[in-house]
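The values are calculated or read from the model by the stated rules, or taken from the named source; none is laboratory data. Because the structure is predicted, anything quoted here is derived from the model rather than measured. FYI the Cβ positions are ideal-geometry reconstructions off the backbone, even for glycines, and counts take in every protein chain you see. Note: accessible area is taken over every heavy atom of the protein model, side chains too, but ligands, DNA and RNA are not part of it. Shrake-Rupley method; radii C 1.70, N 1.55, O 1.52, S 1.80 Å.
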Amino acid sequence: MIAAGTAMAVAQTGFDNLPDPVEDVNKVIDNTPDSIAQALMSRPAPGSTRKGTNPVLFLVGNSTMRNGTKGNGSNGQWGWGYYASQYFNANKITVENQALGGMSTRTFYNQLWPAIREALKPGDWVIISIGHNDNGPYDSGRARAVMPGTGNDSIMVTIKETGKKETVYTYGGYLRRYIAECRAKGAHPILMSLTPRDAYDEVTHKIVRKPQTGWAAIVAAEEGVPFVDLNEISGEKLDSYSHWKEKYHFFGDHIHSSYWGAEMNARSAAEGLMASRNPDLKPLQAMMMNVALPVWPVKREQGKPVVWITGDSTVKNRDKDKDGMWGWGSQAYTVFDKDKVTCYNAAQAGRSTRSYIREGRWEKVYNALQPGDYVLIEFGHNDICPIDDQKERGVIPGTADTCHVYKMKKDGRYEVVYSFGWYLKKMIDDAREKGATPILVSLTPRNEWPGGKVERRNDSYGKWYREVVEQTGVPFLDLHNLSADWLDKHCGSKEKAMKYFNHDHTHTSLKGAQMNAESIARGLRQMKSPLAAYLLKGKGR
């Protein structure tokens, strides 16, 4: 039952007689009546985000632009409109995601567009990217279908459930109405093709491109408005990914995007806008930001590959006080020949596989990778811990391709969390995609000595690393056991091993960091890795 306040909000927006949920031809149910009501209240009142005389960028779309009851990822699905604002300077323009799940070009125009149209002011911008739901019956159920194509045809229908008569136009006919009404208010319309679906063309073995793309392009050309082919930009990216990676850009079905897909589509939309040579977009482009891909500032030298080092505090720590804590990545040039290879330590203290990726640190590695590079991936110390606590770094134990939606305690944010192995496989897959060679490195040993031998974690992390190796074929450098063997042989007790650690049983001293770097070199030679050719003479033997 809908609460009184909710019912009032629904009535005010024309949804006072909500139909029962209907599964569409794609086997998708976007919203139940109750959640539609909540979603309507969660959307900002059109124009309410305007700052002074600044323009507003209104987003018109469906669940691929704004998903779920509140659009906050609570169902594991995200619309790209949630991430669009990061590409616009909030001091110059605000972004309003007015999209709603289940809307077609027709139903949005009839039910939600009037309020947006009233809020438009001269200088505003409107991105229209809608059409996934333009199917099904014309006159019953959701009654959201439009006529295909761009012609001026129309049909008169009578909605069976209500008896209401309605004129239904073509896809292009509705787009022309949005355009004309934007211009009448002095606003700037932009047509954008749809997000791609998780559907392969059996002939080309590429993601299917939607027919609405061609129709929108035709209308844009006829009406003289900017057109961004989001379907193609994101489709090309999906085509370049492994099948496994392409799949995780969707969640729950073959249409709705995961966090990864929503982020990708938001970036694709921004890239399309910024790359456009249409002079009409210059004022909007002047208000955009963050479109360039983020990368680590590595200094490349011709003929020298880059060895990217990723991980946590055992890889990168304060690395400056000779009596302080050091990560082995800081000692890379004690084993690698800097005249032959460039080492870049992109690790960060306190990070797990999950938090390293979520914070964009891995993305900066990924964007900077070039063919011939190497990527050392070493995580584990911070991964198996609470998932939803303040640090938000815990993962699901194991290596299965599993995930779950969690609500974070710190800020109520929703996040889909995967397994330890899944995050490792993502980094491995990403590196290979760029033509780089990933090397999985097991976590450093701790200064714990049960039974008179240094602790081995081969029944947990060691087991998971080997499962990832079996699943991916990635080269594996067992730093954990190499350094543990060395400590057993040269120390024999926790007390004698203390000089290799600092502050606690996990973090290494300068001597410990150098010892682990030596183990890296030894492991590369034992593996017969091509990267061993870049080691200093005599190291690792």
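Brief remarks follow.
- Here 138, 109, 87 are screened, and the one residue that is under 20 Å from residue 191 (Cβ atoms), surrounded by fewer than 23 Cβ atoms within 10 Å (Cβ to Cβ) and either of a type in the set (D, E, K, R) or modelled with pLDDT of 95 or more (or both) is 87.
- Selection status of residue 221, surrounded by fewer than 20 Cβ atoms within 10 Å (Cβ to Cβ), touching a Phe, Trp or Tyr at 6+ places or on another chain (Cβ under 6 Å) and under 21 Å from residue 189 (Cβ atoms): no
- Residue 467 being among the acidic types (Asp, Glu), open to solvent by 40 Å² or more (accessible area, probe 1.4 Å), on the phi < 0 side of the Ramachandran plot and in contact (Cβ under 8 Å) with a residue 60 or more places away in the chain: yes
- Exactly one residue out of 503, 507 is open to solvent by 50 Å² or more (accessible area, probe 1.4 Å) and out of contact with any helix residue (DSSP H, G or I) (no Cβ under 8 Å at 6 or more places or on another chain): that is 503.
- Given (1) part of a loop (DSSP other than H, G, I, E, B); (2) touching a residue at least 40 places away in the same chain (Cβ under 8 Å); (3) out of contact with any strand residue (DSSP E or B) (no Cβ under 8 Å at 6 or more places or on another chain), index of the condition residue 115 fails: (1)
- Being modelled with pLDDT under 95, within 24 Å of the chain's Cα centre (by Cα) and polar (S, T, N, Q) holds for only one residue in 69, 162, and it is 69.
- Enumeration of residues in segment 379-413 that are assigned to a loop (DSSP other than H, G, I, E, B), over 13 Å from residue 354 (Cα atoms) and among the hydrophobic types (A, V, I, L, M, F, W, C): 400, 408
- Filtered residues of segment 251-286 (kept if surrounded by 19 or more Cβ atoms within 10 Å (Cβ to Cβ) and touching a Lys or Arg at 6+ places or on another chain (Cβ under 8 Å)): 255, 264, 268
- Selection count, segment 398-425, where residues are buried (at least 17 other Cβ atoms within 10 Å of the Cβ), in contact with a strand residue (DSSP E or B) (Cβ under 8 Å, 6 or more places away or on another chain) and not aromatic (Phe, Trp, Tyr): 7
- Applying the criterion of at least 3 residues that are farther than 27 Å from residue 66 by Cβ to the strands (runs of 3 or more DSSP E) found wholly in segment 149-194 leaves 154-158.
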